[in-house]
Amino acid sequence: MSLSGGAAMIDQGAGAIVSQIVRGGVADQLGITPGDRIMAINDQPIEDLIDLLLLTAQDEIRVIWESEGERHKSESLANVAQRGLGLQFESAVFNGIKHCRNKCMFCFVDQEPRGLRRTLYIKDDDYRLSFLQGAYITLSNLSEEDWQRILTLRLSPMYVSVHAVNPEIRGRLLGLPGPAPIMPALRRLLDHHIEVHCQIVVCRGINDGVVLQESISELARYTPGIASLAIVPVGLTCHREGLPALQAFEKDSAHAVLEIIHDLQEKFFRELGTRFVFAADEWYIKADVPFPADEEYEEYPQISNGVGLARRFLTDLAESSALMPQTMNKETRLWLITGLSSAAILREAAARLNQIEKLQVQVLPVENAFFGKTVTVTGLLTGSDISRALTVADIDAHDIVFIPDITLRSSETVFLDDTQIEDLKKTGHANIIVVPSCVSGLI
């Protein structure tokens, strides 16, 4: 079905707000337009995309929607599940996000500066977004009603933030007053044949070392039900006033984490036929060691969590070499915007692109002053940081600047600091183009 939801939002009121219509689709034929609200299917209210998918799968449906304050009801519609309603929505949940009540010592929301748009301060821990969008949840904020819906509908897969299997250490990490056991909750999902993908955000001196080794080993006992585990370094900004003291990982400490992961990968591969646990790309960048080979990421089960993005990019670059032109029609100078951590990877791409005649490609690493120098990923660059870098660089008005789409809010043209892409274009910094964050975006 042509159904999708954008980023999670604050409670939008009753109904599902339509953001886009597919021309010629069922909704278009009914006269539904962007801004209208889908209120119910077969007189049953809808609270999220899960409800909508289930209800539209019935043999015949009637759609109830509101448009400009007036309520409408369609005639009986058959086989909608096959044709699709042809709708997209502003959010995947329609009755408000389920908020997180934890006080994690590493929560990124708590490390954001003041004055940003309200949606950036939402702390969500919503199982629906875990199922629909792969968002990680702690399972510590679920009501029994939530549990029953997950288990009854068998919402699989689910993505779970473990952090530590030791209840006391996990409770400390989540900022809770007591222990926070995770294994009973995971077993409850597995007993109902729900596949689980896990992550551990590692805080130096708290859940690394022996604690990390024990957590990985315990979770691996539940394969294949627990299908994969990502190990991610804690992200720290310069806005941590009043928050617990945490240390950033450096070269040696990152290398120590990789040694634990690689040793266990070898063990699991021999015994289980899968490496099971995978290190986020940041570990290799911090430790200054090469990324694993393509096959070592297996099916890339954690790529949306920053695990294997660099290797996939380099593999795609090599495979796409034959698609690149031998020459440009005219002399062209191209700049590639990137965070500091991805600069070396993009320089490899630039070296290949510079083999094209009449094309000169330069990488422009951007330091993150907005969140702090320790934040080096491209996805957290802001418009103000990029604008500052463009001003300092030797960029000509005829040059082309590629800005990766991951720096912008999904389906929009605004950066995290509310700078608009049009604001950058007005400064006269060459020809600014937003491109996908992949090899195809370059060629």
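Bear in mind that the values in this text are calculations on the coordinates, not laboratory data. These numbers come from a predicted model, not from an experiment. Ideal geometry is used to build each Cβ from the backbone, glycine not excepted, and the neighbour counts take in all protein chains shown.
Does the chain come out rounded, prolate or oblate by the C-alpha gyration tensor, with a ≥ b ≥ c the root eigenvalues, rounded set by a/c under 1.5 and, if not, prolate when a/b is larger than b/c and oblate if not? Walk me through the numbers before you get to the answer.
Values: a/c = 1.62, a/b = 1.10, b/c = 1.48.
Verdict is oblate for the chain.
Go ahead and collect, in residue order, the members of region 201-235 whose backbone nitrogen is under 16 Å from a label point 7 Å along the Cα-Cβ direction of GLU259.
Of the residues in region 201-235, 205, 208-214 have backbone N under 16 Å from the label point off GLU259.
Modelling each spin label as a point 7 Å along the Cα-to-Cβ direction, I'd like the LEU190/LYS73 distance in nm, to one decimal.
About 4.8 nm, to one decimal.
How big is the antiparallel share of DSSP beta bridges in region 320-442, given as a percent to the nearest 5?
Values: 2 of 19 bridges.
Bridges in region 320-442 are about 10 percent antiparallel.
Place a point 7 Å from Cα of ASN42 in the direction of its Cβ. Which residues in region 81-116 have their backbone N less than 20 Å from it?
Counting backbone N atoms under 20 Å from the label point, the list is 81-87.
Taking the dipole about the Cα centre of region 195-336, with the C-beta of Lys and Arg at +1 and of Asp and Glu at -1, give me whichever of ALA220, ALA248, GLN302 is farthest to the positive side.
Toward the positive end, the furthest listed residue is ALA248.
Provide the percentage of antiparallel DSSP beta bridges, counting only those with both residues in the chain; round to the nearest 5. Provide the component values of the computation, followed by the final result.
Details: 21 of 54 bridges.
Taking every DSSP beta bridge with both residues in the chain, the antiparallel ones total about 40 percent.
Is the shape of region 299-443 best called rounded, prolate or oblate, per the rule: a/c under 1.5 gives rounded, else a/b larger than b/c gives prolate, else oblate, with a ≥ b ≥ c the square roots of the Cα gyration tensor eigenvalues?
Details: a/c = 1.79, a/b = 1.09, b/c = 1.64.
Note, shape of region 299-443 comes out oblate.
With r as the distance between the Cβ atoms of LEU323 and ASP146 and R0 = 41 Å, compute the FRET efficiency 1/(1 + (r/R0)^6) and round to 0.05.
Working: r = 47 Å, r/R0 = 1.15.
About 0.30, to the nearest 0.05.
So how do ARG311, ARG101 line up by other beta-carbon neighbours within 10 Å, fewest first? Each step should come with its number before you reach the end.
Values: ARG311 22, ARG101 13.
Starting with the residue having the fewest Cβ neighbours, the order is ARG101, ARG311.
Give me the dipole magnitude in Debye, nearest 20, for the chain about the Cα centre, with unit charges on the beta carbon: positive for Lys and Arg, negative for Asp and Glu. Please list the in-between numbers first.
Numbers: 40 positive and 59 negative charges, 80 e Å.
So the magnitude is around 380 debye.
Could you state the number of Å between the C-alpha centres of region 14-89 and region 231-252?
Cα centres, region 231-252 to region 14-89: 45 Å.
Given R₀ = 30 Å, FRET efficiency for THR33-THR427 by Cβ-Cβ distance, to 0.05?
Values: r = 36 Å, r/R0 = 1.19.
According to the calculation, E is roughly 0.25.
How far apart, in nm, are two points set 7 Å out from the Cα along the Cα-to-Cβ line at ASP294 and at GLU60?
Output for this residue pair reads 5.2 nm.
Decide, for region 16-89, between rounded, prolate and oblate: order the square roots of the alpha carbon gyration tensor eigenvalues as a ≥ b ≥ c, take rounded if a/c falls under 1.5, and otherwise choose prolate if a/b is larger than b/c, else oblate.
On the way: a/c = 1.35, a/b = 1.19, b/c = 1.14.
Note, shape of region 16-89 comes out rounded.
Enumerate cysteines in the chain without a disulfide-compatible partner, where compatibility requires another Cys Cβ under 4.7 angstrom.
For the chain, the answer is CYS100, CYS198, CYS203, CYS238, CYS438, because their Cβ atoms have no other cysteine Cβ under 4.7 Å.
Can you sort HIS197, HIS192, HIS163 by how many other beta carbons sit within 10 Å, fewest first? Walk me through the numbers before you get to the answer.
Working: HIS197 20, HIS192 14, HIS163 29.
Result, fewest neighbours first: HIS192, HIS197, HIS163.
So if I place +1 on the C-beta of Lys and Arg and -1 on the C-beta of Asp and Glu, and nothing else carries charge, what would the dipole magnitude of region 16-89 be about its Cα centre? I want it in debye, nearest 20. The partial results should precede the final answer.
Working: 6 positive and 12 negative charges, 43 e Å.
So the magnitude is around 200 debye.
Name the lysines eligible as straight-distance cross-link partners of LYS73: C-alpha to C-alpha under 28 Å, and not fewer than 8 places from it in the same chain.
List returned: none.
Given the pairs LYS98/LYS123; LYS286/LYS373; LYS358/LYS426, which are separated by over 19 angstrom at their Cα positions?
Numbers: LYS98/LYS123 9 Å; LYS286/LYS373 14 Å; LYS358/LYS426 27 Å.
Pairs exceeding the cut-off: LYS358/LYS426.
What is the distance, in nm, between label points placed 7 Å from the Cα along the Cα-to-Cβ direction at GLU266 and at ALA344?
So the two model labels end up 2.2 nm from each other.
Grab the Cα-Cα distance for ILE17 and GLU241, subtract it from 0.36 nm times how many residues apart they are, and report the gain in nm with one decimal. Don't jump to the answer; show the numbers that get you there.
Details: separation 224, 0.36 × 224 = 80.64 nm, distance 3.78 nm.
So the chain would gain 76.9 nm between ILE17 and GLU241.
Name the residue from PHE415, HIS398, GLY383 whose Cα lies farthest towards the positive end of the charge dipole of region 320-442, charges +1 on Cβ of Lys and Arg and -1 on Cβ of Asp and Glu.
HIS398
To the nearest 0.05, how large is the calculated FRET efficiency for GLU214 and ASP418 if R₀ is 45 Å and r is the Cβ-Cβ distance? Intermediate values should be presented prior to the final figure.
Details: r = 43 Å, r/R0 = 0.96.
The pair GLU214/ASP418 has a calculated efficiency of 0.55.
If contacts are Cα pairs under 8 angstrom and at least 6 residues apart, what is the relative contact order of the chain in percent?
Details: 820 pairs, mean separation 43.3, N = 443.
Normalised by residue count, the contact order of the chain is 10 percent.
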